[in-house]
Amino acid sequence: MSAPGPARDGREPAASEAARAIEAAGTDEREWAAWAAPSEWPEPAFPEGPVLVLAAHPDDEVLGFGGTASRLAEGRRQVHVLTVTDGEASHPGSRLLPPEALARARRRELAEALDVLGVDRRTRHRLALADTRVGAHETVLARTVAELLRSTGAGLCVAPWRGDLHADHEAVGRAARTAAASVGVPLWQYPVWMWHWAVPEDPRVPWARCLRLPLSASQRARKREAVRRFRTQTAPLPDHPAVILPPDELAHHQRDFETVIVETDLS
């Protein structure tokens, strides 16, 4: 996870608005747990073929789709993961972990986490775009994703939600939408920060397009263990005491199901 970063066109006001939404006190997981609607969301059948999962930063794919990735790998489904940045901007100003060292640490953490989930090391891909600046490379990213969808024969693309109020997440979501439409592959998008800033029945969220992806006890356990591998994000640094993913934030990603939003309009 990293700071929200600039808006899609570099405008600071939108970036500041997103930062305020993410930095504000979030919705308590107990409020989400009391909401009945998710129990009524449909549980989908997966399209045939490999699945390509995109992440803006190392950890997004695990937080938003890690349990399902483990479920797919458990069923011998080929799961490809494309990590767009190395997440080097999550601790600005840290002397203990300056950007290059942080990028190395986060790559190691992701490798460990994907090992826990059972994702084949041969199906992991890294793009290394600049953290917080993905929007500046959206066209290149869309082309790269389209090429990967074709080369892997993927039957499904999964990406961060393009309404997540994090500039990098939204840029990856938009690029995935462009790529999936060009190749003719279904696209599901997973929210990460939405659970923090939204509330049940929030009109900013397309609840009618949500799907419920149930997780077994063993899949949830693997996801929890995978999340623990992101030590730079779940524990404080001596010179950066604010934890990026505190327990109240992680609680949103420890449910017995995961949520994706179907991108039905690919025009």
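Here the peptides 174-181, 49-56, 137-144 are ranked by packing, the mean other Cβ count within 10 Å, and the order with the highest first is 49-56, 174-181, 137-144.
Between the stretch 35-56 and the stretch 152-182, what's the alpha-carbon centroid distance in Å? So the two Cα centres are separated by 14 Å. Eigen-decomposition of the gyration tensor built on the alpha-carbon atoms of the chain gives equivalent ellipsoid semi-axes of 24, 21, 20 angstrom, largest listed first.
Here the chain is assigned +1 on the Cβ of each Lys and Arg and -1 on the Cβ of each Asp and Glu. Its dipole about the Cα centre then comes out at about 860 debye. Relative protection proxy for 33-45, 208-220, from highest mean packing down: 208-220, 33-45 (other beta-carbon atoms within 10 angstrom). Here the chain carries DSSP beta bridges of which approximately 35% are antiparallel, counting only pairs with both residues inside. Kirkwood radius and radius of gyration were both taken over the C-alpha atoms of the stretch 143-209, and their ratio Rg/Rh is 1.03.
Overall form of the stretch 52-160: oblate. Here a/c, set by the Cα gyration tensor axes a ≥ b ≥ c, is 1.5 or more, and a/b is not larger than b/c. Positive-end ranking of Trp161, Trp197, Leu102 along the dipole of the chain, with charges on Cβ about the Cα centre, is headed by Leu102. Taking 20 °C and 1.002 mPa s as conditions, the stretch 99-151 diffuses translationally at an estimated 166 µm²/s according to Stokes-Einstein applied to its Kirkwood radius (Cα pairs). Just so you know, the Rg over Rh for the stretch 149-267 is 1.00, from Cα atoms, with Rh as the Kirkwood radius. Summing Cβ point charges (Lys, Arg +1; Asp, Glu -1) relative to the Cα centre of the stretch 50-101 gives a dipole of roughly 260 debye.
For the stretch 136-232, a simple Cβ point-charge model (Lys and Arg +1, Asp and Glu -1, everything else neutral) yields a dipole of about 460 debye relative to the Cα centre.
Of the two radii for the stretch 22-92, the radius of gyration is 1.05 times the Kirkwood radius, both from the alpha carbons; that is the Rg over Rh value.
Laboratory data are not the source of any read-out in this text; all were calculated from the coordinates shown. The shown structure was predicted, so the numbers you read here are calculated from the model rather than taken from an experiment. In this analysis, Cβ positions are derived from the backbone assuming ideal geometry, glycine residues included, and neighbour counts consider all displayed protein chains.
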